[in-house]
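For reference, the structure discussed in these notes is given below.
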Amino acid sequence: MIKMVATDIDGTILNWNGVFSPAVVNCIKELDKSGVKVVLVTGRMHESARVMADELGLKTPIVSYQGGLVKEQGKTLYERYLTDDQAEKIIEWGKGENIHLNLYNDDILYSEQDDKEIRRYCNNQHTTYVVKPFCEIKKDRVNKILAIDYNNPDRINLYENELPKIFPELYIVKSTPYFLEFSNKEASKYCAVKFLQKYWNLKDEEILTIGDQNNDIALLEAGGIRIAMGNATGELKQIANYITDTVQNDGFVKAMEKFVFKTARTL
């Protein structure tokens, strides 16, 4: 019996129009009402993810920053940061590659330029940002650093393959075709879900994980039942137990009907 559903947000329960469909909202309410712990697991900053959780009426812990921060109603349960030295090395690399970087410190988003990349990003994420030279920021709680290239996703693919060899001490993952994320080695969706599994004393088979992008590979690997969206990457589909419909066709809801509600109703 499934006791925990760990779900990605964007492209999994939040559709391409940036909204939760009525079917998804009702499904999550039914899961919550039935006692299933629905946990949002996202690369978004915590404040952005909290807005999503509030919209869905969830009180469960929120996993943000790819797993670098787990908070439950304002209380920090788990956190992993980049060191100042690690952050400086990434910033130096970014300057050398002339690529836009977002820096997140203590759940505040910083950009060195007020350019089209940061405006487009924040418009899609519904977040605010501070423009400030990175050298003037005290990097004591760097949640993650995000590299963005909206014009050349092939460059992101190249970096995803090459950079783990250059920065083996970091967790580096592509979260969309345009985003490459740098974080602590223990700031993965896998680590966060496994923390919550221990926190609630759950068995592997009681955990369902679902997502759509390469950063959800770590998420799916943490679950007993691993579901890829119909719009998922090929890499994610390869490790899934089951491939559901797309986000636009309420694939999340269909997966819950198959693996959670149907099972519960036959008991």
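Observations on the model:
- Failed criterion for T12 (all others in (1) at pLDDT 95 or above; (2) surrounded by fewer than 21 Cβ atoms within 10 Å (Cβ to Cβ); (3) closer than 20 Å to N215 by Cα; (4) not hydrophobic (A, V, I, L, M, F, W, C) hold): (2)
- Filtered residue count, segment 166-177, keeping only those that are open to solvent by 60 Å² or more (accessible area, probe 1.4 Å) and at pLDDT 95 or above: 2
- Test: G57 is surrounded by 15 or more Cβ atoms within 10 Å (Cβ to Cβ) and small (G, A, S): no
- Residue list for segment 232-250, restricted to those being buried (at least 21 other Cβ atoms within 10 Å of the Cβ) and either under 18 Å from the mean Cα position of the chain (by Cα) or in contact (Cβ under 8 Å) with a residue 60 or more places away in the chain (or both): A232, L236, A240, V247
Here is a yes/no grid of residues against (1) open to solvent by 60 Å² or more (accessible area, probe 1.4 Å); (2) not basic (K, R):
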position: F179; (1), (2): no, yes
position: E186; (1), (2): yes, yes
position: K189; (1), (2): no, no
position: K194; (1), (2): no, no
position: Q197; (1), (2): no, yes
position: W200; (1), (2): no, yes
position: I207; (1), (2): no, yes
position: I217; (1), (2): no, yes
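- Residue check, K258 out of contact with any Ser or Thr (no Cβ under 6 Å at 6 or more places or on another chain), assigned to a helix (DSSP H, G or I) and without any contact (Cβ under 8 Å) to a residue 12 or more places away in the chain: no
- Every residue from segment 121-145 that is among the aliphatic types (A, V, I, L, M) and open to solvent by 20 Å² or more (accessible area, probe 1.4 Å): V130, V131
- With a requirement of 1 or more residues that are out of contact with any strand residue (DSSP E or B) (no Cβ under 8 Å at 6 or more places or on another chain) and not hydroxyl-bearing (S, T, Y), the strands (runs of 3 or more DSSP E) lying completely within segment 1-83 that satisfy it span 75-79.
- Residue match in segment 151-159 (condition: at pLDDT 95 or above, open to solvent by less than 70 Å² (accessible area, probe 1.4 Å), under 21 Å from I9 (Cβ atoms) and among the hydroxyl-bearing types (S, T, Y)): no
- Which listed residue is buried (at least 19 other Cβ atoms within 10 Å of the Cβ), aliphatic (A, V, I, L, M) and over 20 Å from N215 (Cα atoms), from I108, I148, I118: I118
The values are calculated or read from the model by the stated rules, or taken from the named source; none is laboratory data. Computed from a predicted model, the values in this text were never measured in an experiment. Every residue, glycine among them, receives a Cβ derived from its backbone with ideal geometry; neighbour counts consider all protein chains shown. Ligands, DNA and RNA are stripped out before the accessible areas are found, and what is left, the full protein with its side chains, is counted by its heavy atoms. Shrake-Rupley method; radii C 1.70, N 1.55, O 1.52, S 1.80 Å.
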